[in-house]
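Derivation of every value follows stated rules applied to the coordinates shown; laboratory data play no part. Since the model is a prediction, treat every value here as computed from it, not as a measurement. Glycine also receives a Cβ, built like all others from the backbone with ideal geometry; neighbour counts cover every protein chain displayed.
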Ligand code: BGC
């Protein structure tokens, strides 16, 4: 855990240059706008530790799978979000000295992420090796108003000299992914051009043939007046720039505005990309930095109105939740139904492909409650569109008759994960799609979704479970063998309770969905039956039989659910008895040792209890929490949020608060020692859930909103806002648990507060 960032309600602040933490800061201070984004690398050269990363949503490369031993069923490739052509560099040379903070005496340095405005701001004073001292003030943003525009205002002032300055303003498509499997470069050049004032490169991805045109244009100002400086242009392979030379005069700031247009063939015809990029640049330059920034902050103001959460009396907690909301919002805006939410968003390359079960299991509730229903619906439809691929994925593994096995990691529906214990065994993820449907329908009331899209998916998933279970004569029950539950620190176990429970639940839910569509939409039902070859009576009879005879591991002595059949054979030790130097286990222990231990990476039984909370009484929840939490190392970012929600439910307020800080400040404080690889974007939605479902106790039951709030002792108040069935509701919880609930928009509504109905009007 590191605590080098200052606490502030609306800003993330780093004071002093921290070369060892630089890659962490590059992740934390990342910027995005749903269409593109980048890590917070410096504009000027930096020879210290850094990872330049720019990303364009939806643009990926199928990197040929690399494994030691090939296993039948492995995918051919891993789809990688690509490190895309870079536009942010402003390379400075003063006299013959390169401005490189790793080689300067840095007297002061501040890096600020202004979350309210979506602005990255750096100010530093540094002395070059030859004694020349400069002050730099740089501001940059990726426009939320126009997802294809980025802009930088870079102001440099000589403090103790007059000297010639040369400024290189490139577009560089000669970039690599650090995680390239065969050290291959994924981009090839299509087009480049440069003239004084402008440079453009169009690059295409190998194999997938996405085209991305990145163009830059710049404007210089000195003493507040636009100046024309001498410039030369350079073209190299996949690279174009302008090198501008002028005089830097002591005390007289030189301002460089660098505008960028980043357009991809996902949104423009390939043969029009360059022309459209030029038009966009022209627009950007004509508007100017201030106007573009005003448009951008207007969108942010609106976003914050929709989804801000306030916390009074605890700056660290306030900063944490805003940071999570900020990153989530700039990763996925919900405007483009082809996109999804990658675990690292635009902040790093780890985890490659864009879509994991994280979206359905963790992110959906945030978008359900903070955006119009269309956004959550789009996320579901995204999976509907991948149904064909899910059926193919299942076929590759030997399933048949339209069984659908959704991938663990994907870009286009095809599985691209290649560790057998996850690819083949972490099968619970296929039902996350079914659970998301239930969540969506409960929240929005849009049951007709089942007829339109949902049922086809459910039939496919139910068929998968039908084929994946097997009858055990020994147990006289259906069992599910050779699986990995959400806790990836156990592989190839039998009867992971979470998996068995979710599998059986899916069969039940699919049956209910069939009954509903059959009755409410008979015509559509007939179409689905024909399309899926659904033989309802025998198929559903068998589903029912499985549901009624599913095996669930349980320990009658402790009265706890067992994570899997063999769990109690393990030596039961608590995390708090581990030595500090053993943590995090995934960086300190051999994999063998981890697998044999009782330590749990992330909520597993508790994940199931969280999803199906109403199936369990509070005492059962408490007993299972008390048993499993002490063995949980939370080395997946997805774990603490589930614990906040359950701890809140059973009245463990202190623990709920600790877990809240852990999820909310996971990246800010680098809890798991891995933020330099990127921020944990999908778990950020879990932070939102922690507060709203955990502390706020928000649930939807039978179409009604319920709240059961409490306030952590450390806080004076907190408030959140929900969009719910054409209403906007604001809930504020003050000290002593005093609750104010306000209907900000929409027709009167009854909600259930601490078990009693109240009218909102
Ligand atoms: C977790 C998975 C998750 C993935 C991406 C892993 O560490 O164990 O559950 O889907 O990260 O967030």
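A few notes on this one:
- Sorted from greatest to least, the principal axis extents spanned by the alpha carbons of the range 383-464 come out as 38, 23, 20 Å.
- Once the mean of 1/r is taken over each pair of separate Cα atoms and inverted, the range 324-695 shows a Kirkwood hydrodynamic radius of 21.0 Å.
- Translational diffusion of the range 392-547, µm² s⁻¹ [Kirkwood Rh, Cα pairs; Stokes-Einstein; 4 °C; 1.567 mPa s]: 81
- 0 to 90° range, to nearest 10: angle between helix 373-385 axis and the chain longest Cα axis: 80
- When only Cα pairs below 8 angstrom with a gap of at least 6 residues are kept, the chain shows a relative contact order of 12 percent.
- From its DSSP helices (H runs of at least four residues, each -39,500 (n - 2.57)), the chain gives a residue-normalised ellipticity at 222 nm of -9500 deg cm²/dmol.
- Under the criterion of Cα pairs below 8 Å and six or more residues apart, the relative contact order for the range 377-527 equals 22 percent.
- Ranked list, fewest to most other Cβ atoms within 10 Å of each Cβ, for 329, 65: 65, 329
- Per-q log10 I(q)/I(0), the range 295-343, q = 0.13, 0.22, 0.30 Å⁻¹ (Debye; single scatterer per alpha-carbon; no solvent): -0.37, -0.88, -1.14
- Percent of Cα-Cα distances greater than 42 Å, calculated over the chain: 32
- Share antiparallel - DSSP beta bridges, the chain, percent rounded to 5: 95
- On Cα atoms only, tilt of 429-444 relative to the major axis of the chain in degrees: 90
- Over the range 540-584: Kirkwood hydrodynamic radius from C-alpha pairwise inverse distances, Å: 13.8
- With neighbours defined as other Cβ atoms within 10 Å of a residue's Cβ, the residues 302, 643, 191, 268 order from fewest to most as 302, 191, 268, 643.
- Restricting the calculation to Cα atoms, the range 352-422 shows an Rg/Rh of 1.02 when the hydrodynamic-style radius is the Kirkwood one.
- Packing, taken as the mean count of other beta carbons within 10 Å per residue, orders the peptides 413-420, 556-563 from highest to lowest as 413-420, 556-563.
- According to the Kirkwood relation over distinct C-alpha pairs, the hydrodynamic radius of the range 11-287 is 19.5 Å.
- Dimensions of the range 701-761 based on its C-alpha atoms, expressed as ranges along the principal axes with the largest first, amount to 34, 22, 16 Å.
- The alpha carbon centroids of the range 3-33 and the range 543-608 are separated by 35 Å.
- Relative exposure of 411, 631, 1, judged by other C-beta atoms within 10 Å (fewest first): 1, 631, 411
- Percent RCO, i.e. relative contact order, over the range 191-261, from Cα pairs under 8 Å lying at least 6 residues apart: 35
- With respect to the chain, whose longest principal axis is taken over its alpha-carbon atoms, helix 387-396 is tilted by about 70°.
- Site pair residue 2 and residue 336 shows an inter-label distance of 3.1 nm when each label is modelled 7 Å from Cα along Cα→Cβ.
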